[in-house]
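The values are calculated or read from the model by the stated rules, or taken from the named source; none is laboratory data. Quick caveat: nothing in here was measured; it's all calculated off a predicted structure. Cβ coordinates were reconstructed from backbone atoms using ideal geometry, including for glycine residues, and neighbour counts include every protein chain displayed.
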């Protein structure tokens, strides 16, 4: 799909990997809607890239529908959905106090990362399937953002790894399901990236994490994630695939 002129949605587009993806899409000529729960940051990014900001809680169907309607009114129906929104968590099953980890924490992470992603994806797909096909019968492209934790989850990452593994497991059946509508589905599983959250760690820890990556021995750049995300849109034969973007990193147990 030629990105130029297409309407695109980016969840989690106000910061980190989502912001980088929104900026790259805009650079390539897409009309970008920045969807995020942080409305102020979303408006800032949208203003800088000539897009539109949409307040959106992906776990809430009314919120998603409102965001999709606002984006469509401004840019027309979206053919590109970049699912980048997500949250993290690290809790041992049995804490130092001997008590079990709270179930609410596991439910919250899975609800945002997995169920929330599925929620907006199903609503986007229903709208996209009604569009006229482009050359080759394609109607749309959808991206999931998993993590290397889907494969190499560390101690305490039960909720996060389960949610990201769910996205990996959903990729192929979603691609097969939506093939009849000409909608492709792929997933990126990023490793350690220089996002605002990671940059909050002490410099020594950042350097240690970077050194653990075989090559190149540095943190990933959000722009590298964004470039791959946009390549997936442009490469019409990429479908049903999960791509690790991690510099050959395999996470240690802790």
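Checking the conditions here, which among 236, 240 is surrounded by fewer than 19 Cβ atoms within 10 Å (Cβ to Cβ), at positive phi and more than 15 Å from the chain's Cα centre (by Cα)? Please lay out each step first, then the result.
Values: 236 fails: at positive phi.
Result of the check over 236, 240: 240.
Among what's in the range 149-183 and is assigned to a loop (DSSP other than H, G, I, E, B) and at pLDDT below 95, pick the residue that is farthest from residue 77 (Cα to Cα). Explain how you work it out, then say what you get.
Pass one, the range 149-183, residues assigned to a loop (DSSP other than H, G, I, E, B): 153-157, 182.
Those still in the list that are at pLDDT below 95 too: 153-157.
Numbers: 153: 37, 154: 40, 155: 42, 156: 40, 157: 37 Å.
Applying the filter and picking the extreme gives 155.
Take residue 42 and tell me if it is surrounded by 18 or more Cβ atoms within 10 Å (Cβ to Cβ), under 12 Å from residue 84 (Cα atoms) and under 16 Å from the mean Cα position of the chain (by Cα). Spell out the reasoning first.
On the way: surrounded by 18 or more Cβ atoms within 10 Å (Cβ to Cβ): yes; under 12 Å from residue 84 (Cα atoms): no; under 16 Å from the mean Cα position of the chain (by Cα): yes.
Answer is no for this residue.
Looking only at the range 69-112, count every residue that is more than 20 Å from the chain's Cα centre (by Cα), at pLDDT 95 or above and buried (at least 16 other Cβ atoms within 10 Å of the Cβ) and tell me the total.
Going through the range 69-112 one residue at a time, the tally reaches 2.
Quick one: would you say residue 225 is assigned to a loop (DSSP other than H, G, I, E, B) and either within 13 Å of the chain's Cα centre (by Cα) or loosely packed, with under 13 Cβ neighbours inside 10 Å (or both)?
On the way: assigned to a loop (DSSP other than H, G, I, E, B): no; either within 13 Å of the chain's Cα centre (by Cα) or loosely packed, with under 13 Cβ neighbours inside 10 Å (or both): yes.
No, not satisfied.
What is the number of the single condition among (1) surrounded by fewer than 18 Cβ atoms within 10 Å (Cβ to Cβ); (2) out of contact with any strand residue (DSSP E or B) (no Cβ under 8 Å at 6 or more places or on another chain); (3) outside any loop (DSSP other than H, G, I, E, B); (4) at pLDDT 95 or above that residue 207 does not meet?
(4)
How about the range 24-39: which of its residues are surrounded by fewer than 20 Cβ atoms within 10 Å (Cβ to Cβ), under 21 Å from residue 140 (Cβ atoms) and free of Cβ contacts under 8 Å to residues at least 40 places away in the same chain?
Residues satisfying the conditions are 27, 29.
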